[in-house]
Each structure stands twice: as C-alpha cells, then as structure tokens.
Amino acid sequence: MEFSKYHGLGNDFILVDNRQQPTPHLSPEQAAAWCDRHFGIGADGVIFALPGQGDRDYTMRIYNSDGSEPEMCGNGIRCLARFLQRLETAAGHPPTLPHTYRIHTLAGPISPTLQANGLVTVDMGPPYLLAAEIPTTLASPDSRVVDLPLTVADQSWRVTAVSMGNPHCVTFVADLEPLPLTHLGPQFEHHPAFPQRVNAEFIQVVRPDYLRMRVWERGAGITLACGTGACASLVAGVLTDRCDRTATIELPGGNLEITWSALDNRVYMTGPAQWVFDGRVNPSP
C-alpha cells in the first residue's frame, strides 16, 4: 500500500489515498502499528482521503497513534488539503489557487483553502461552548464551562472547555517551562469530568495578540502542534478576556494564526502543511 508522510508544524501524519472505497483501508490496530516510531513508519496519526458525502468533495477519517478515532484534526486537515492537491495535480487536474475543498468529517463539514503562498486557511466552523456539547460534567448541560475549578493531580486548576468538533480543556498558566506535561496530560485526558476524554491545552499569554501553547492530545500524547487546540485556546482566551479575537499561537513546532470572527462566529486557522516523503508498506501490522 502506498502512502505519503506530511506534517503540520511537526504534528505528523501518514496520508492514504482511500478514494476508491468509503471505509478506511486499514484497521485501527494496523494504523497504530504504522504510527509506531520504532517498529513502524512513525506518526501522530493516519489520515484517509475517502469519497465525498452529499455535496462534499471528499471525506476525512483519521486514526490516532493509539488506534482511537477523533472527530477531526486541524493540522491534519491542512495536510489532507495539500495531499489532495498533489493527487489532483498528478492526475492532470491541478487546482487553481486559491482553492477551497469541502471536506466531510465526523465533526461536520470543514473547508480548507489552499493559498498561493503555500499556507492553508481552514474555516473550522463555530466553537461549541455548552457543557453538553463538549461533553463535560463540570457544569449543567446548557451552561458554559468558563474559568471553572478542576482538580487534577491534587491541584486545583481553572479551566475553560471548548469543542471544535472535538473536546478541549484549556488552562492558562504563568509559565509553560516548568509544566510537567508528561505527568499532567494523561490525568487531564482521562478525567471523569470528560466522558469522551479530552485534549488538554496549557496557555501562557505573552500579549493579547500572542499566546504560547503546549498540548497533550487525546489518543496521541504530547505533540508539537494541535490545530483544533490552538483554535479552542484562542476562544478560551477571548471568553476569559485574556486575548484578542485574532492572535498568533506559538506551538513547539511553529506558529498558527487564529481568528474567531465576531461577524460570523466562525474560527479561522492559517498555517503550513508540508510533504515529507512517499513510501510503500505492507498493510499487515
């Protein structure tokens, strides 16, 4: 089976052309084996480009490195857009830039736009803010979770919960450097207040228009970047009066530009996606 390797700010993925059938070529267990960095290809997840549904051009499915399936991935969908550009160009139909794809995901329709400068801008849709939408039990189902206390590792944290089609728990800290993310991350992810587990973002506000972020991703652990997490963090910053509606989010792998529009309530993410290499592998684990 052929594949391509891409990364978005160091958040790396194996991309598979799955347009011939509506279900992924690999099982979750096979995908996890491919993601193993010692015995496999190595990646944070495997992304499948499937046929579109309804009026959508394509469908995106993704398995995390532990075999779980998230609803969506912000860095991943930028990589998928660049992958689709290469597939269409190889078939003799290069898209004219800028070009917007309409992608069906488990989080709903998402629209990434290929820019002429090589960056990809993604309309991530509106954030979901009610406790039932996250989901979380930290508040009543029809209430927001904004700057509420959560006890993790025998310490009380002030958290804000946001869903970008997948769940995020955002905590603002004075300094990211001493943060024991390897210790804290799993405890946030599996906290009983989040019945579907959660992505955990820790944010240091440098300026209202510049935030620093570290992330523990649900099903993947520490990663160099998380696009949906960056979007959720900006939304949390606006909700707690810590940042502007447009800001640069600095991640270990690089920067994303995030805007939460006051006009249409949608979140827009702009960042890179880079091809690394192509390969061929036996699909058996």
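None of the figures in this text is laboratory data; all of them are computed from the coordinates on show. The model shown is predicted, which means the values in this text are computed figures rather than measured ones. Neighbour counts are summed over all protein chains in view; Cβ atoms, including those assigned to glycine, are modelled from backbone coordinates with ideal geometry.
Couplings for the range 150-156, taken from phi via the Karplus curve 6.51 cos²θ - 1.76 cosθ + 1.60 with θ = phi - 60°, read 9, 8, 9, 6, 6, 9, 8 Hz in order; Gly and Pro are left as x.
Suppose the chain between residue 241 and residue 116 were pulled fully straight at 0.36 nm per residue; how much longer would it get relative to their current alpha carbon spacing?
On the way: separation 125, 0.36 × 125 = 45.00 nm, distance 3.41 nm.
Gain on stretching residue 241 to residue 116: 41.6 nm.
Of all DSSP-defined beta bridges confined to the chain, some 80% are antiparallel rather than parallel.
Please give the peptides 227-240, 167-180, 3-16 ranked by average Cβ packing (other Cβ atoms within 10 Å per residue), highest first, as a rough proxy for protection. Intermediate values should be presented prior to the final figure.
On the way: 227-240: 27.1, 167-180: 17.1, 3-16: 24.5.
Order by mean packing, descending: 227-240, 3-16, 167-180.
Model label sites at residue 29 and residue 209, defined 7 Å from Cα along the beta-carbon direction, differ in position by 5.3 nm.
Taken about its Cα centre, the range 131-265 carries a charge dipole of roughly 120 debye when the Cβ of each Lys and Arg holds +1 and the Cβ of each Asp and Glu holds -1.
About the Cα centre of the chain, how large is the charge dipole given +1 on each Lys and Arg Cβ and -1 on each Asp and Glu Cβ? Please answer in debye to the nearest 20. Before the final figure, lay out each step's value.
Numbers: 20 positive and 29 negative charges, 63 e Å.
The dipole magnitude comes to about 300 debye.
Protection proxy ranking, highest mean first, for peptides 69-75, 258-264: 69-75, 258-264, where packing is the per-residue count of other beta-carbon atoms within 10 Å, averaged. Once both labels are positioned 7 Å from their Cα atoms along Cα-to-Cβ, the gap between residue 39 and residue 19 label points is 3.4 nm.
Sort the following peptides by mean Cβ neighbour count (other Cβ atoms within 10 Å, averaged over residues), highest first: 143-152, 55-64. Mind showing how you got there, number by number?
Numbers: 143-152: 16.1, 55-64: 20.0.
Highest-to-lowest ranking by the protection proxy: 55-64, 143-152.
One decimal place: the segment residue 140-residue 97 gains 11.0 nm when fully extended, by the rule 0.36 nm per residue minus the C-alpha distance.
Taken over the C-alpha atoms, the chain has Rg and Dmax values of 18.1, 58 angstrom.
Positive-end ranking of 164, 21, 124 along the dipole of the chain, with charges on Cβ about the Cα centre, is headed by 21. The range 124-138 and the range 96-114 have Cα centres separated by 22 Å. Across the range 107-122, rounded Karplus estimates of 3J(HN,Hα) from the backbone phi angles (6.51 cos²θ - 1.76 cosθ + 1.60, θ = phi - 60°) give 8, x, x, 10, 10, x, 10, 6, 9, 5, 8, x, 7, 10, 9, 10 Hz, Gly and Pro being marked x.
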